[in-house]
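Beneath this line is the structure, given in structure tokens, with notes to follow.
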């Protein structure tokens, strides 16, 4: 297993930002993995995804968006900065990937910004996008406008979603995925919320849900590259 901390340039204004590469010896693909709005690349949930994917032969390149490294913190950067960061991260990850197939995606906002970047211009050599809970709308404000850009994406997309997700009402998300056609796959993690947490009365554990998420993501990427 290869673990490496590195820096890469995002934009001239925001300078270099941090990244973490986790590459198992049997790696068959590399996922460029972005964090959600309220976390960063070192958050426990991101570590669980990276480590779980590594156990399944998928390398990962986690990175921070610039706002997570600026003094005083604050909220997310503007969308153009976020999408520029995604594109820069893909370029940096490609240098570490060797001949491994590339995928992009992320938790919540990180996944949405990954597809946003791909909708403006295809991301070089990226074979697909993995959404670990796509945030279709803000909590309590059901809408589908955040999905409009998905119809400009030209690579396969995997949506891993829980039916209790307050940021993606199933009644709204399912028709969107259906309209996207053959490029989109929706996998529902039964009983899960936006963080893939499940209720105790469901008879499942959070670990069960995470295993399902990781197995599905790794299997989908396997299918794309084979």
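Sort 154-162, 121-129 by the packing proxy (mean of other Cβ within 10 Å over each peptide's residues), most packed first.
Values: 154-162: 20.9, 121-129: 17.2.
The peptides rank, most packed first, as 154-162, 121-129.
Answer rounded, prolate or oblate for segment 24-99, using the Cα gyration tensor with square roots of eigenvalues a ≥ b ≥ c: rounded when a/c is under 1.5, else prolate when a/b is larger than b/c, else oblate. Display every interim value, and only then the final one.
Values: a/c = 3.00, a/b = 1.59, b/c = 1.89.
Judged from the Cα gyration tensor, segment 24-99 comes out oblate (a/c at least 1.5, b/c at or above a/b).
Taking 7 Å along the Cα-to-C-beta vector as the label spot, tell me the residue 51-residue 207 distance in nanometres, rounded to one decimal.
Those two pseudo-labels are separated by 1.2 nm.
If you take every DSSP beta bridge fully contained in segment 2-225, what fraction is antiparallel? Give it as a percent rounded to 5.
On the way: 14 of 39 bridges.
About 35 percent, rounded to the nearest 5.
Using the 10 angstrom Cβ neighbour count as an exposure proxy, how do 25, 215 rank, fewest first?
Details: 25 8, 215 13.
Least crowded to most crowded, the residues run 25, 215.
Order of 20, 53 from fewest to most other C-beta atoms within 10 Å? All intermediate terms of the calculation are to be shown ahead of the outcome.
Values: 20 19, 53 25.
By the 10 Å Cβ count, ascending, the order reads 20, 53.
Find how much the distance from residue 42 to residue 9 grows on full extension, using 0.36 nm per residue of separation minus their present alpha carbon separation; answer in nm with one decimal.
Numbers: separation 33, 0.36 × 33 = 11.88 nm, distance 1.89 nm.
Gain in length upon complete extension: 10.0 nm.
Given Cα pairs under 8 Å that are at least 6 residues apart, what percent is the relative contact order of the chain? Don't jump to the answer; show the numbers that get you there.
Details: 475 pairs, mean separation 35.1, N = 226.
Normalised by residue count, the contact order of the chain is 16 percent.
List the relative contact order of segment 149-226 as a percent without decimals, with contacts defined as Cα pairs under 8 Å and 6+ residues apart. It would help to have the intermediate numbers written out before the result.
Numbers: 91 pairs, mean separation 23.1, N = 78.
30 percent.
If you take semi-axes √(5λ) of the Cα gyration tensor in Å from the coordinates, which of (i) 37, 21, 15; (ii) 30, 19, 17; (iii) 24, 20, 18 do you get?
Structure-derived value, by its label: (iii).
Quick check: the distance between the Cα centres of segment 1-24 and segment 114-142, to the nearest angstrom?
21
Need one word for segment 180-221: rounded, prolate or oblate. Basis is the Cα gyration tensor (sqrt eigenvalues a ≥ b ≥ c); a/c below 1.5 gives rounded, then a/b vs b/c decides.
Numbers: a/c = 3.21, a/b = 1.88, b/c = 1.71.
Taking the square roots of the gyration eigenvalues as a ≥ b ≥ c, segment 180-221 is prolate.
What ranking do 226, 3 get, fewest neighbouring Cβ atoms within 10 angstrom at the top? Before the final figure, lay out the partial values.
Numbers: 226 6, 3 11.
Ranking 226, 3 by Cβ neighbours within 10 Å, fewest first, gives 226, 3.
State the antiparallel share, in %, of DSSP beta bridges confined to segment 128-226, rounding to the nearest 5.
Working: 1 of 10 bridges.
So the antiparallel bridges in segment 128-226 amount to around 10 percent.
Throughout, read-outs are computed from the coordinates displayed, never taken from laboratory work. Note that this is a predicted model, so its numbers are computed, not measured. Methodologically, a virtual Cβ is constructed for each residue, glycine included, from the backbone with ideal geometry; neighbour enumeration extends over all protein chains shown.
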